[in-house]
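Q: What follows is a structure written as structure tokens; I'll ask about it next.
Readers should treat all values here as calculations from the given coordinates under stated rules, not as data from a laboratory. Predicted model, so just to flag it, every value in this text is computed and none were measured. We place every Cβ from the backbone using ideal geometry, glycine too, and count neighbours over all the protein chains shown.
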Amino acid sequence: MPTDPDSDSPLQLLFLGTGTSTGLPLTPCLTLTQPYPAEFSSHLPLPAPNSSPAKGEYNPDGEWPDTIPCACCRAAVSPDVPEGWKNKRGNTSVIVRKRRAATQAADGEEEEEGEWRNVIVDVGKTFREQSARFFPRWGVKRIDAVILTHGHADAYYGLDDLREWCFRQNCVIPVFLNRETYETVAMSFPYLVDRKKASGGGDVPALRFHIIEDDADFEVEGIRVRALPVEHGIYFQDDERKPLICLGFMFDESIIYMSDVSEIPPATWERMMDRNIPDLSAMTTFNSTNISEQPSGYDSPNRPKESPPADSKPLPLKKKVPRPLPVLIIDSLWPLVRHSSHIHLPEALRIAMRLKPSITYLVDLVHPVSHYMWHELCASVRGENGKKGCQHPDDEQARELIGRFWNDKDVKTIEGKVKKWGGRVEPGWDGLVVEVNGDGGGEEGFEVIEGKGGSGPGLAM
Ligand SMILES: [Zn+2]
Ligand SMILES: [Zn+2]
């Protein structure tokens, strides 16, 4: 049976999570309705003092959830907001995937499509619940590799939940990460890097850690990957201030994914603007002989075998680099307020205007701005009115937010450029599926498969 990647396979992108480190909704927002946190006013106008949300209290049999003052967290649990479920956000994470080569049916006549090989970027605190929510809908039946962006809880705390996948697949799951992240993982989960440190029954996931350089080009499961090191806030080591390096990634010259960023260094800009990932023969290919191998977290006599490396046979390089860049996924914590570890919307727009993608999705979103408000704000970036004037409970706050945004001093400096550009920018949402054609060609080079992973308010999840 052929196991090579299908060189004509589209590249699919499944949004497993689009929220920041906390995930949404935040439980205190659902119960502690008084007082309304004053700092929210720097993002959104406060509710009027006598409005029902402001004087609410937790009472599931009464006015709750209408009495929750945080519009975002209220919408996440309110049956009256049609797209309210889009405010349920797990830690930002995506699956990128390609099909294996087609297999010949038993009668030798029909070809069956090859199965998807799933590579997960980040398995954070919410990995278990998000995978239970979306894997069945997407038909994700296996996890072939994991790539970690950085050593924060929302990026790697779900590693332990890979245990059952390792057992069921009977193979070791490769994890690609930089040295700094590896050291953080080793400190948090000693038994994942050294099975002798396991206690109890000793059941631990079988992971093999592949340490990559911050500026590596490599291939995994038929997907060419370019690491894009960016700054994600700072930390102190021996009283020295250091930037925390987080890895963004370019997949197949078609998708740029940058989930956690406060600053992009010039060298990374060069790597992004180049967009020609070198010929595979010059790339690091990961197989059993040349990996930068760390002690595996699994060394029992029954240790499962690592599945054969997908990249042992290089694919022919597609020389055609899609222009423009089909998809950008970019951090945008808040519309207006800066954070020391994350960019805000004006900065995300500056980056998007330089990269000129066909479509930009915002991720790492957090309350109190609701999905509806993000949606309307993004419509205004395209010069559209969106759903202005509709009966949506957040419409008034959305209009005020849009007004604040375009009057902001920082936004004023780019207003002319943004209006001329009018690029398509959208808030991401958990469950979204985007497909990029094999060569990034076609009319737009990508297709958005809306709703495939969606769940309406009538569904339990
Ligand atoms: Zn909230
Ligand atoms: Zn982080």
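Q: For segment 148-262, what class follows from the C-alpha gyration tensor (a ≥ b ≥ c being the square roots of its eigenvalues): rounded when a/c is under 1.5, otherwise prolate if a/b is larger than b/c, else oblate?
A: oblate
Q: I would also like to ask the following. So how do 113-121, 183-191 stack up, highest first, on mean other-Cβ count within 10 Å?
A: Output ranking for 113-121, 183-191: 113-121, 183-191.
Q: A follow-up question, please. Rounded if a/c is under 1.5, else prolate if a/b beats b/c, else oblate: with a ≥ b ≥ c from the C-alpha gyration tensor eigenvalues square-rooted, which is segment 314-426?
A: prolate
Q: So, by mean Cβ neighbours within 10 angstrom, what's the order for 192-205, 323-336, 86-99 with the highest one leading?
A: The densest-packed peptide leads the list: 86-99, 323-336, 192-205.
Q: If I model a spin label as a point 7 Å beyond the Cα along the Cα-Cβ vector, how far apart are those points for residue 83 and residue 417 in nm?
A: 2.7 nm
Q: Which order do the peptides 338-349, 6-17 come out in when sorted by mean C-beta neighbours inside 10 angstrom, highest first?
A: In descending order of packing, they fall as 6-17, 338-349.
Q: State whether segment 192-238 is rounded, prolate or oblate according to the following rule on the C-alpha gyration tensor (a ≥ b ≥ c being the square roots of its eigenvalues): a/c under 1.5 gives rounded; otherwise a/b larger than b/c gives prolate, and the remaining case gives oblate.
A: Taking the square roots of the gyration eigenvalues as a ≥ b ≥ c, segment 192-238 is oblate.
Q: Give the residue list of GluC sites (Glu not before Pro) in segment 348-403 that are DSSP loop and have at most 15 other beta-carbon atoms within 10 angstrom.
A: Those that pass, being in a loop and sparsely packed, are 384.
Q: Another question, if that's okay. Would you work out the Kirkwood radius for segment 80-177? I mean one over the mean of 1/r across all pairs of different Cα atoms, in Å.
A: Kirkwood hydrodynamic radius for segment 80-177: 15.1 Å.
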